[in-house]
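Bear in mind that the values in this text are calculations on the coordinates, not laboratory data. Because the structure is predicted, anything quoted here is derived from the model rather than measured. Heads up, the Cβs are rebuilt from the backbone with ideal geometry, glycines too, and the neighbour counts pull from every protein chain shown.
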């Protein structure tokens, strides 16, 4: 069974532009499809909306930057979020803890056992999503190069 070529192309575009602003309209226009078709097909193929996927991957990518003493605002903007408030809201929704709580966890400061469990579970869930998408992309249909047989070689 093959993955959908359009979805694979969209995933490649997202991977290459994850730190930039990406909208559903932009993706639809870029690939010459209706935005509702793109949204519905993406959800059908991957079981997650485009916006949720974008936010999940951006949050997952941002987790590494807490090790380097970067401030949260810098991390947010460096990972494609346009505001600290939206980043914090999205982070809390996905990780079930605030960015500050995660920063304290990384810096080995204070955190509760329940926060630790949430962090570990949500990092695992994000890794599972990333692995699933990578497996999906490996099953993309092969582009067949159109060739034409010259008349002198036809029997």
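Scanning the stretch 71-93 for residues that are closer than 19 Å to residue 52 by Cβ and without any contact (Cβ under 8 Å) to a residue 40 or more places away in the chain yields 76, 81, 83, 85, 86, 87, 88, 89, 90, 91, 92, 93. Report, by residue number, each residue of the stretch 94-109 that is more than 14 Å from residue 69 (Cβ to Cβ) and free of Cβ contacts under 8 Å to residues at least 12 places away in the same chain. The one that is more than 14 Å from residue 69 (Cβ to Cβ) and free of Cβ contacts under 8 Å to residues at least 12 places away in the same chain: 98. The condition of being out of contact with any strand residue (DSSP E or B) (no Cβ under 9 Å at 6 or more places or on another chain) and closer than 17 Å to residue 132 by Cβ holds for only one of 44, 40, 5, that being 44. Among the residues of the stretch 8-21, those identified as free of Cβ contacts under 8 Å to residues at least 60 places away in the same chain and either closer than 20 Å to residue 93 by Cα or not in a loop (DSSP other than H, G, I, E, B) (or both) are 9, 10, 13, 14, 15, 16. Scanning the stretch 44-67 for residues that are within 15 Å of residue 23 (Cα to Cα) and without any contact (Cβ under 8 Å) to a residue 12 or more places away in the chain, we see that the one that is farthest from the chain's Cα centre (by Cα) is 49. Taking residue 130 as the residue in question, decide whether it is in contact (Cβ under 8 Å) with a residue 40 or more places away in the chain, surrounded by fewer than 17 Cβ atoms within 10 Å (Cβ to Cβ) and closer than 23 Å to residue 20 by Cβ. Taking the combined requirement at face value, the residue satisfies it.
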